[in-house]
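Novice: Below are the structure tokens for one structure; questions will follow.
What follows draws every value from the coordinates through simple rules; no lab data is involved. As the structure is a prediction and not an experimental result, all values here were calculated from the model.
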Amino acid sequence: MFGKHHRNKSQFVKIVYSKKTVNGKVELIPLELYTDGSLKPIQ
């Protein structure tokens with residue numbers, strides 16, 4: 001996992017989760033966090 005690079009060469013830091021409510025249910029959406037603060041959805 002470590003050593004991944006985003007399109008702008010930022011270092012991958014960790015996976016974080018965002019809460020999303022759909023039809024009354026809470027879902028956790030996994031995202032990759034990079035050193036520049038950008039987030040990228042995991043596919």
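Novice: Quick check: residue separation of LYS9 and SER38 times 0.36 nm, minus the Cα distance between them. What number comes out in nm?
Specialist: 9.3 nm is the gain from fully extending LYS9 to SER38.
Novice: Right, another one. Under the 0.36 nm per residue contour assumption, what length would be gained going from the current alpha-carbon distance of SER18 and LEU31 to full extension?
Specialist: 3.9 nm is the gain from fully extending SER18 to LEU31.
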